[in-house]
Amino acid sequence: MFSKILIANRGEIACRVIKTARRMGIKTVAVFSDADRDALHVEMADEAVHIGPPQAAQSYLVIDKIIAACKQTGAEAVHPGYGFLSERAAFPRALAAEGIVFIGPNPDAIDAMGDKIQSKIFADRAGVSTVPGNLGVIESPEEAVVVARDIGFPVMIKASAGGGGKGMRIAWDASEVADGFARAKSEAASSFGDDRVFIEKFIVNPRHIEIQLLGDKHGNVIYLNERECSIQRRNQKVIEEAPSPLLDEATRRAMGEQSVALAKAVGYDSAGTVEFVAGQDKSFFFLEMNTRLQVEHPVTELITGIDLVEQMIRVAAGEKLSITQADVKIDGWAVESRVYAEDPYRSFLPSTGRLVKYRPPAEGVKDGITVRNDTGVVEGSEISMFYDPMIAKLVTHGPTRLAAIDAQAEALDSFVIDGIQPNIPFLTALMQHERWRAGNLSTGFIKEEYPDGFTGRATDEETRAVLAIAALSMDLIRRERLEHHTGRLRPASGKWRTDYVVRLDREHIPVTVPEGYAAVPLEIDVTIAGRTLTVTSEWRPGEPVWIGSVGGDTVAVQARPAPGGTLLAWRGVTTFSRVMTPEVAALDALMPVKQPPDLSKYLLCPMPGLVVSISVAEGQEVKAGETLAVVEAMKMENVLRAERDGTVSAIKAKPGDSLAVDAVILEFA
Amino acid sequence: MKDVLEELDRRRDAARIGGGQRRIEAQHAKGKLTARERIAVLLDEGSFEEFDMFVQHRATDFGMADQKISGDGVVTGWGTVNGRVIFVFAKDFTVFGGSLSEAHAEKMVKIQDMALKNRAPIIGLFDAGGARIQEGVAALGGYGEVFERNVRASGVIPQISLIMGPCAGGDVYSPAMTDFIFMVRDTSYMYVTGPDVVKTVTNETVTHEQLGGASIHTTKSSIADGAFENDIEALVEMRRLIDLLPSNNQADLPEIECHHDAEAIDKSLDTLIPDNANKPYDMKELILKTLDEGDFFEIQGAHAKNIITGFGRVEGRTVGVVANQPMVLAGVLDSDASRKAARFVRFCDCFNIPILTFVDVPGFLPGTAQEYGGLIKHGAKLLFAYTQATVPKITVITRKAYGGAYDVMASKHIGGDINYAWPTAEIAVMGAKGAAEILYRSDLADPERIAVRIKEYETRFANPFVAAERGYIDEVIFPHSTRRRVARALRLLRNKHMEQPWKKHDNIPL
């Protein structure tokens, strides 16, 4: 076994690998760019080597720098994580030349699976079910039409070198084929510098299901069952689960065995994943093979109890797999959410910056529920523009799918992130979505269910009750504390009144409680909309999450101070709340509803300063968050960004101008 | 007997309806509450005791003898906010437009005197049309009496003004002499002379909002210390402020139970200061992470944002926070920031509220606009206020503390009790670049040599240790232990006692 390994990666996956290595008694070496100087993976590793500027092309992607770091620290092996150098055959070859072990598959296997057409040919030969299609390169539109008729409509025209949706065209009839062929070809040429395209059957309402494989250097390969990753946004996986709600045992075995056959055919000797597209009828077709550890590997780990990183390290060290296919079981259900620094209310624009607050839910096993949070950040970390905006992978495991989903919702609800806007409201809203809960998935799920983007989950009676109860119970505890305020005229009785009105946004909700006295832990029967619910909570003022039991269900509601009340967030619903007596509520109802002032028309200089640059032109359309201008004041550069989408109608300042505060820099139409 | 009791009920009901149902409805239609409704929201339920409910004016001119309404346009009395005594007067716009008569002024003065005698805070809710013209000079006399009480009580009991409607002419000077003014957006305005007079005299055309709305007074004029969306929000927030304030200048600091462990360290603060010295960071994060539960009541939040002032608690006891804000103008001290902070520091000193100062200041703002505007005197106000303050003063320098601004920001030399610096602090006459360029003028032509000189200066002075060697800094602390250190220092200083030499009063450069 190795005594020291280097992790040629950053972020959560570097931390994830370090954890397993540490448990195995292996010393770890981290590498870091300038942007990651204070990163968690650097702190966690036994040693760390600086490898250059923030841009990945000059740091994490430079093979020579990784090799130099290995030599400097005496690391015997390298785990590549995912992304970066993980699927470049040149990397293990270069490492091998220096006598350093690559913790991953052999380079020939990477080569064999790297090209889409090549890999399909391999798969076909190995007896893997492939999408009906023409594996050859198609030369002309006429040929394309013939091939498409042969396969049967609809068909998809795809770039050989493609990925990420570029160079893909769907055609429903012959004329669309001819047109799509030309477009796909030119797109492929411009995007990948390779205009080869091929045609295959297009699966309607497809699902994304993948098989986790594990092989060793002694010819053994096993499959660790499947993951379903159908919840995607723009081909980016958002939520993954294992097992898949679609598969039955026979299909699972067929997919697993075919995947193993393919792996054996290419001499695969590490952890890898065979991706399939599946029809709703459980038909499945080979998509591609990923020759690395996948982002979503934790769901497999939680249902099989196998540490994939440990297995990768062991087989890389030459050990034989100690697990046989018969040992692999499915225990319960696991769901993973990718927590991204993306603002769901602003069409998922990256939201970079400092994590002013970062309080993930408690990890561990409790009452048969496992919560695991793979992350590479801590409170105070910077989400930089240089890398993937993923903050964490939150994984929950329970005995059933719904138990895992409910645990995921609760964990997301108590996941506090301030400073940037994460996609958590979207994820937690999604956990309530009936179609998701029913397991009726397809890769078009998000586009179909949120055609106009995400604006927050619509509130319902259940949600209003939970939010009103959380607001009331926090208010009772706050009042209780103020009753012990020094300087009181006479000691307060501590007795609460029995009727309140909770304001949620503009709605007034009457609630009643029996006579009683506030104390922590709070225990109270709250009557709301004709229902009486027993509420208990140990919340104390200042805690950012109100965790309590409402009618027997555990709920976690986030609370942030707001003028005259509290901002609450639960399951994708965010609302202002204020607890009042009915008398005050009657007066509150008289308050006017105001239209928010329209400040969007101008970009004003926020401080006296020098215009360094104007980043937009007159007539240009800008998106919220886009840089409009840079103003220097006191030798500091301040980036002014668009607050919302709009069109620049006039520019009133130019670089070099010295502006007073509130001077107009530009106008919007 | 029963008849007599019923008569009292009848008279009370008549008084409580003020100017009548029609006027109450008109008030509501404008998005405003009535005086008594406002008091009901402000005070603890059922705690209000009204005085002088039956007072009526004594004017006879212009037909006033026939128009008498009990209360005469102002509701006065006392009650409690979370059990603590507070005196209150609220202008009743439904009665003679809340205008001030002799009798009306007498009611105000009576409640002001009671507040002072009983050493409890007083809050005024303003929504009125100014002097009652029918009464002429008697109204002016009344104003004078009110002003006199404002001044006499200043520094003895907290006085708060909440502007919830028109407040013009003579009415503005009473709030102007209180400790804090807050406004309600869109429904309140304050000015000495209204748009009509402005038009006549200067030919300027302005609206009420442009002349004296909350947006103007919270940002440009700095008359108001804060603004709220509506009456309810304003009154609820006033309760929050009152909870933080001592009752008078000899009262103990208010204290509530604290659940936020003051011993816990906060590692995230170790990365608050960016690697790049020219990159700003948000000082509010440090404030919120130092105070209990991240609870901060900001004063003048929209004005002179390069300095932050406000109240919070540490271990349950009130503190005043003053902090340079690197996010705005790099946290520079200018005239506005100096005046804003000086007034806040003096309020804290009046009422024995310890002052916690966070320093990241590149100096005073250069330029003709500032110098012509009297930067020297305005800067001196802050220097004066800090020096004069005898309350516990705790200072934490996070990054820059350059030049005279270093001295001003509660330095050791002007009486800082406990002065901490983070390891990232740079206490120097100026930044390394500027210093090297002055010291080595002859090297200016040679960028390489000047770079070496800058580096030299940086190594020598761009740290807290030169100051620490001299004892100007009591201790260089880890950012992550800031809350713990501040809490300990406040415990240490709880019984601080310091007296200034006897004087009638000082002569702060006003």
In the stretch A:20-44, residues that are open to solvent by less than 10 Å² (accessible area, probe 1.4 Å) and more than 14 Å from chain B (Cβ to nearest Cβ) total 8
Counting only strands (runs of 3 or more DSSP E) wholly inside the stretch B:272-342, the ones holding at least 3 residues that are of a type outside the set (A, V, I, L, M, F, W, C) are B:307-314, B:317-324
Filtering the stretch B:201-220 down to residues that are more than 14 Å from the chain's Cα centre (by Cα), farther than 16 Å from B:Lys32 by Cβ and open to solvent by 20 Å² or more (accessible area, probe 1.4 Å) yields B:Val201, B:Thr202, B:Asn203, B:Glu204, B:Thr205, B:Val206, B:Thr207, B:Gln210, B:Leu211, B:Ser215, B:Ile216, B:Lys220
Conditions (1) among the polar types (S, T, N, Q); (2) open to solvent by 80 Å² or more (accessible area, probe 1.4 Å); (3) in contact with a strand residue (DSSP E or B) (Cβ under 9 Å, 6 or more places away or on another chain) -> B:Thr34 fails only (2)
Taking the condition assigned to a helix (DSSP H, G or I), within 21 Å of the chain's Cα centre (by Cα) and either of a type in the set (Phe, Trp, Tyr) or under 27 Å from B:Leu241 (Cβ atoms) (or both), does B:Phe147 pass? yes
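So that you can scan it fast, the table gives a plain yes or no per residue for (1) out of contact with any Leu (no Cβ under 8 Å at 6 or more places or on another chain); (2) closer than 19 Å to B:Ser247 by Cα; (3) modelled with pLDDT of 90 or more; (4) not in a loop (DSSP other than H, G, I, E, B):
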site	(1), (2), (3), (4)
B:Val75	yes, no, yes, yes
B:Gly79	no, yes, yes, yes
B:Glu106	yes, no, yes, yes
B:Lys110	yes, yes, yes, yes
B:Gly124	no, yes, yes, yes
Of B:Glu298, B:Glu293, the only residue that is under 27 Å from B:Glu257 (Cβ atoms), open to solvent by 10 Å² or more (accessible area, probe 1.4 Å), more than 10 Å from every other protein chain (Cβ to nearest Cβ) and in contact (Cβ under 8 Å) with a residue 24 or more places away in the chain is B:Glu298
The lone condition A:Cys605 fails out of (1) crowded, with 16+ Cβ neighbours inside 10 Å; (2) modelled with pLDDT under 95; (3) at the interface with another protein chain (Cβ under 10 Å from one of its Cβ atoms) is (3)
Residues in the stretch B:271-280 that are at the interface with chain A (Cβ under 9 Å from one of its Cβ atoms) and crowded, with 19+ Cβ neighbours inside 10 Å total 3
Condition set in contact (Cβ under 8 Å) with a residue 12 or more places away in the chain and of a type in the set (Lys, Arg), scope the stretch A:319-366, selection nearest to A:Thr554 (Cα to Cα): answer is A:Arg359
Scanning the stretch B:43-62 for residues that are more than 30 Å from B:Val81 (Cβ to Cβ) and open to solvent by less than 40 Å² (accessible area, probe 1.4 Å) gives B:His57, B:Ala59
The residue that is modelled with the lowest pLDDT, considering only those in the stretch B:81-104 that are surrounded by fewer than 20 Cβ atoms within 10 Å (Cβ to Cβ) and within 14 Å of another protein chain (Cβ to nearest Cβ), is B:Gly83
For the stretch A:51-100 the number of residues that are touching a residue at least 40 places away in the same chain (Cβ under 8 Å), open to solvent by less than 40 Å² (accessible area, probe 1.4 Å) and on the phi > 0 side of the Ramachandran plot is 2
Is it true that some residue in the stretch B:365-386 is assigned to a loop (DSSP other than H, G, I, E, B) and open to solvent by less than 20 Å² (accessible area, probe 1.4 Å)? no
Of those in the stretch A:392-445 that are of a type in the set (Lys, Arg), in contact (Cβ under 8 Å) with a residue 24 or more places away in the chain and assigned to a helix (DSSP H, G or I), the residue nearest to A:Leu568 (Cα to Cα) is A:Arg437
Here the qualifying pairs (Cβ atoms under 7 Å; residues six or more apart or on different chains; first in the stretch B:477-498 and more than 17 Å from B:Gly294 (Cα to Cα); second hydroxyl-bearing (Ser, Thr, Tyr)) come out as B:Ile477/B:Tyr420; B:Met498/B:Thr390
With criteria (1) within 14 Å of chain B (Cβ to nearest Cβ); (2) touching a residue at least 60 places away in the same chain (Cβ under 8 Å), A:Thr554 comes up short on (1)
Just one listed residue, out of B:Ala153, B:Ala176, B:Ala168, B:Ala139, is under 25 Å from the mean Cα position of the chain (by Cα), over 27 Å from A:Gly487 (Cβ atoms), without any contact (Cβ under 8 Å) to a residue 60 or more places away in the chain and surrounded by 18 or more Cβ atoms within 10 Å (Cβ to Cβ), and it is B:Ala168
Turns out the strands (runs of 3 or more DSSP E) fully within the stretch A:342-384 with at least 1 residues that are more than 14 Å from chain B (Cβ to nearest Cβ) are A:364-366, A:369-375
Of the candidates B:Ile232, B:Ile242, the one satisfying the condition of being closer than 30 Å to B:Arg488 by Cβ, within 14 Å of chain A (Cβ to nearest Cβ) and either outside any helix (DSSP H, G or I) or open to solvent by less than 40 Å² (accessible area, probe 1.4 Å) (or both) is B:Ile242
| request: Could you please let me know if A:Leu394 is in contact with a Phe, Trp or Tyr (Cβ under 7 Å, 6 or more places away or on another chain) and at pLDDT 90 or above? | output: yes
How many residues of the stretch A:488-512 are open to solvent by less than 40 Å² (accessible area, probe 1.4 Å) and within 11 Å of another protein chain (Cβ to nearest Cβ)? The answer is 1
From the option list A:Gly551, A:Gly572, single residue qualifying as in the same structural domain as A:Thr534 (by TED's automatic domain parsing) and out of contact with any helix residue (DSSP H, G or I) (no Cβ under 6 Å at 6 or more places or on another chain) is A:Gly551
When every residue in the stretch A:623-651 that is polar (S, T, N, Q) and within 15 Å of A:Gly353 (Cβ to Cβ) is compared, the one modelled with the lowest pLDDT is A:Asn638
When the stretch A:459-475 is checked residue by residue, the ones that are touching a residue at least 12 places away in the same chain (Cβ under 8 Å) and more than 14 Å from every other protein chain (Cβ to nearest Cβ) are A:Thr459, A:Glu461, A:Thr463, A:Arg464, A:Ala465, A:Val466, A:Leu467, A:Ala468, A:Ile469, A:Ala470, A:Leu472, A:Ser473
If we keep only residues of the stretch A:468-519 that are assigned to a helix (DSSP H, G or I) and over 16 Å from A:Met580 (Cβ atoms), then the residue nearest to the chain's Cα centre (by Cα) is A:Ile477
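The values are calculated or read from the model by the stated rules, or taken from the named source; none is laboratory data. Keep in mind that this is a model prediction, so the values were computed, not measured. Every residue, glycine among them, receives a Cβ derived from its backbone with ideal geometry; neighbour counts consider all protein chains shown. We work out accessible area using only protein heavy atoms, side chains counted, and drop any ligands, DNA or RNA first. Shrake-Rupley method; radii C 1.70, N 1.55, O 1.52, S 1.80 Å.
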